[in-house]
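K.L.:
Sharing a structure with you now.
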Amino acid sequence: MRAMQAIHIYEQVPLSTAGIVMGLLLVAGHLIALLYSKQVLNMMKTACNTPLPAQILTILDFVWISLLLWDAPWNALRMDLFDFEGLRGVLLVLCPVMCYTLCVYSKQNLLGRALGLFLLLLGIIPLEAAFLKEPVTRILIPLWWYPVLTVAILWVALPYLLRDWVDALKRHPRLFRVLASCGLSYGMVLLICAIFFF
């Protein structure tokens with residue numbers, strides 16, 4: 001068994017890099033949602049009702065999880081499991097089994113579960129970059145991610161919520177534009193802070 005890693009690759013991500021990338025993604029994503037709200041809502045509705053996007057995202061999720069578990073010298077993503085190290089092999093075997101089961105036998109509302117799991121995996125990176133760092137404006141990162149991860153957990157447990165929320169936003173496009181405007185503003189503030197203060 002390989003010796004315990006001193007520093008995981010996630011811990012090597014600079015706060016400024018995490019803030020700039022996150023800010024750019026928020027600005028770009030919410031700007032597109034604001035300018036093309038009707039098309040984005042239609043695309044979201046189609047994705048909720050089509051198995052293929054959810055299946056692709058589910059496969060990506062379990063490939064990511066497998067890389068976190070895979071114990072190999074070349075694998076920079078490998079994570080230590082500490083007291084659960086003995087379960088590493090079992091969890092690796094379960095990854096393709098769970099992926100196949102979800103993609104084949106649980107197609108309905110799969111996108112909510114797949115997207116929620118993807119956000120849970122993704123959120124670790126910026127949160128690790130901002131953990132116990134200066135300046136105080138780094139709090140913008142967890143202030144965004146904690147609510148997002150809460151929603152992600154709800155989507156994993158109750159995947160139909162994503163479909164219901166998309167339907168609600170299609171009935172209230174003004175609310176969608178307001179949310180997109182808020183996300184755009186937050187992204188701009190985060191980007192400015194990341195460039196000048198992080």
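K.L.:
Search region 60-116 for residues being within 23 Å of the chain's Cα centre (by Cα) and among the acidic types (Asp, Glu), and hand back the single one that is farthest from THR50 (Cα to Cα).
P.N.:
Looking at residues that are within 23 Å of the chain's Cα centre (by Cα) and among the acidic types (Asp, Glu), I get ASP80.
K.L.:
Ok, one more. Looking only at region 97-117, how many residues end up being part of a helix (DSSP H, G or I) and surrounded by 18 or more Cβ atoms within 10 Å (Cβ to Cβ)?
P.N.:
To start, the set of residues in region 97-117 that are part of a helix (DSSP H, G or I) comprises 97-105, 110-117.
Imposing the further condition that a residue be surrounded by 18 or more Cβ atoms within 10 Å (Cβ to Cβ) reduces the set to 99, 102-103, 110-117.
The qualifying residues number 11.
K.L.:
Having 2 or more residues that are β-branched (Val, Ile, Thr), out of contact with any helix residue (DSSP H, G or I) (no Cβ under 7 Å at 6 or more places or on another chain) and under 20 Å from GLY123 (Cα atoms) is the bar; report the helices (runs of 4 or more DSSP H) wholly within region 136-198 that clear it.
P.N.:
140-157
K.L.:
Next question. In region 36-57, how many are among the β-branched types (Val, Ile, Thr), closer than 12 Å to ARG163 by Cα and under 19 Å from the mean Cα position of the chain (by Cα)?
P.N.:
Residues flagged as among the β-branched types (Val, Ile, Thr), closer than 12 Å to ARG163 by Cα and under 19 Å from the mean Cα position of the chain (by Cα) within region 36-57 amount to 0.
K.L.:
Being part of a loop (DSSP other than H, G, I, E, B), of a type outside the set (Val, Ile, Thr) and closer than 20 Å to TRP74 by Cβ is the filter; apply it to region 1-26 and report the residue that is modelled with the highest pLDDT. Don't jump to the end; show me each part of the working.
P.N.:
Narrowing region 1-26 to residues part of a loop (DSSP other than H, G, I, E, B): 1-8, 13-14.
Narrowing the set further to residues that are of a type outside the set (Val, Ile, Thr) leaves 1-6, 8, 14.
After this cut, where a residue has to be closer than 20 Å to TRP74 by Cβ as well, the list is 1-6, 8.
Working: MET1: 43, ARG2: 47, ALA3: 46, MET4: 48, GLN5: 48, ALA6: 55, HIS8: 84.
Out of the qualifying residues, it is HIS8.
K.L.:
Related question: Take the residues in region 118-135 that are touching a residue at least 40 places away in the same chain (Cβ under 8 Å) and not in a helix (DSSP H, G or I), then tell me which one is nearest to HIS8 (Cα to Cα). Walk me through it before giving the result.
P.N.:
The first filter runs over region 118-135 and keeps only residues touching a residue at least 40 places away in the same chain (Cβ under 8 Å), leaving 118, 121, 124-126, 128-130, 133, 135.
Right, trim to not in a helix (DSSP H, G or I) and you get 133, 135.
On the way: LYS133: 17, PRO135: 23 Å.
Of everything passing the filter in region 118-135, LYS133 is nearest to HIS8 (Cα to Cα).
K.L.:
What about LEU102, is it without any contact (Cβ under 8 Å) to a residue 60 or more places away in the chain and under 29 Å from ILE7 (Cα atoms)?
P.N.:
On the way: without any contact (Cβ under 8 Å) to a residue 60 or more places away in the chain: yes; under 29 Å from ILE7 (Cα atoms): no.
So LEU102 fails the test.
K.L.:
Also: Restrict the check to region 65-83 and report whether at least one residue is at positive phi and loosely packed, with under 14 Cβ neighbours inside 10 Å. Before you say what the answer is, go through the steps one by one.
P.N.:
Of all residues in region 65-83, those at positive phi come to 82.
Restricting the remaining residues to those that are loosely packed, with under 14 Cβ neighbours inside 10 Å gives 82.
Looking through region 65-83, at least one residue is at positive phi and loosely packed, with under 14 Cβ neighbours inside 10 Å.
The values are calculated or read from the model by the stated rules, or taken from the named source; none is laboratory data. This is a predicted model, so every value here is computed, not measured. Every residue, glycine as well, gets a Cβ built from its backbone with ideal geometry; the counts of neighbours run over all protein chains shown.
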